[in-house]
Amino acid sequence: MAPARSFLWFRRIFLTLLAGFVLVPVYVMVSSSLKPLADVTGEFRWLPSGLTVRPYIDIWSTVPLARYFVNSLIVAGAATVCSVVIAVFAAYAVSRYDFRGKRVFTVTVLSTQMFPGILFLLPLFLLYVNIGNATGIALFGSRGGLILTYLTFSLPFSIWMLIGYFDSVPRDLDEAALVDGCGPLKALLRIVVPAAIPGIVAVAVYAFMTAWGEVLFASVMTNDTTRTLAVGLQAYSTLNDVYWNQIMAASLVVSVPVVAGFLLLQRYLVAGLTAGAVK
């Protein structure tokens, strides 16, 4: 039965308003990034009087954006790899084996997502400082400390999500691999992991996006050398002026890796988030 004409018009109007709500800020950002600073700080015009790519050139010299970019790539990439590797082994153990405290472990892992991140800020700060004073291992102000910090947030959700996905992979595949002479580790790597690629990709995207755009811990746990992009963008605002056109240009440049990765992995991401299909 075809939908009513009134419903079709309502859907069109609603989707048009929704698209405008999403695209108007993007247009303002793009147009502002192509204007001279004087035009951005003055009265806003929907149609720029003049366009320039100078802000995209100046963003690299006004602040050390390249260094911030490298720091973000290293921190987000390492946090993603560690989160995926640990989550795969932990989720496989919970999904395939029965052990004492299994239910307590899963509930504990999921319950960590109930607490806001700011509750962990001071404890982690004191912990890193004390470890540095006692052992000489510099966690505070280092990339390694920031990677460990991001693991505390991405890892619990990654484990919980992969448990559900591994549960949807038939156990017959594991048993067939064991009959063929594979051990548990080889069965995981050669059979289960390829079948769970969509779920693993979804976990990787989540972990990367969590680390890439995080501001609170990056503003406290880093210094001038290890500062990431999310915090480094604040450097375009000085006591004397705010480089709005460069902020908009840098924001677009920062968004490129996340948007490109999302578009490339969209097929796997959708499949991973809708885990439970027949393998």
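The values are calculated or read from the model by the stated rules, or taken from the named source; none is laboratory data. Keep in mind that what you see is a predicted model, and the values were worked out from it rather than measured. Because the Cβ atoms are built from the backbone with ideal geometry, glycine has one as well, and the counts that use them run over all protein chains shown. Side chains included, ligands, DNA and RNA excluded: accessible areas come from the protein's heavy atoms. Shrake-Rupley method; radii C 1.70, N 1.55, O 1.52, S 1.80 Å.
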Under 22 Å from Ala79 (Cβ atoms) and open to solvent by less than 30 Å² (accessible area, probe 1.4 Å): which single residue out of Thr228, Thr210 fits that description? Thr228
Check whether at least one residue in the range 113-127 is at pLDDT below 85, loosely packed, with under 12 Cβ neighbours inside 10 Å and assigned to a loop (DSSP other than H, G, I, E, B), and report yes or no. yes
Pairs needed: first member in the range 124-141, free of Cβ contacts under 8 Å to residues at least 40 places away in the same chain and farther than 17 Å from Leu216 by Cβ; second member anywhere, hydrophobic (A, V, I, L, M, F, W, C) and assigned to a loop (DSSP other than H, G, I, E, B); C-beta distance under 7 Å; at least 6 residues apart or different chains. Val129/Phe140; Ile131/Ile137; Ile131/Leu139; Gly132/Ala138; Gly132/Leu139; Gly132/Phe140
Go through (1) at pLDDT below 90; (2) under 32 Å from the mean Cα position of the chain (by Cα); (3) surrounded by 10 or more Cβ atoms within 10 Å (Cβ to Cβ) for Leu51 and report which single condition fails. (2)
Selection count, the range 196-235, where residues are part of a helix (DSSP H, G or I) and closer than 19 Å to Ile159 by Cβ: 15
Considering residues of the range 69-104 that are of a type in the set (Gly, Ala, Ser) and without any contact (Cβ under 8 Å) to a residue 12 or more places away in the chain only, the residue surrounded by the most Cβ atoms within 10 Å (Cβ to Cβ): Ala93
Would you mind stating whether Asp180 is open to solvent by 60 Å² or more (accessible area, probe 1.4 Å), over 30 Å from Ser31 (Cα atoms), more than 21 Å from the chain's Cα centre (by Cα) and not basic (Lys, Arg)? yes
Criterion (at negative phi and surrounded by 15 or more Cβ atoms within 10 Å (Cβ to Cβ)) met by exactly one of Val22, Val40: Val40
All-but-one check, Tyr68 against (1) touching a Leu at 6+ places or on another chain (Cβ under 6 Å); (2) modelled with pLDDT under 90, failing number (2)
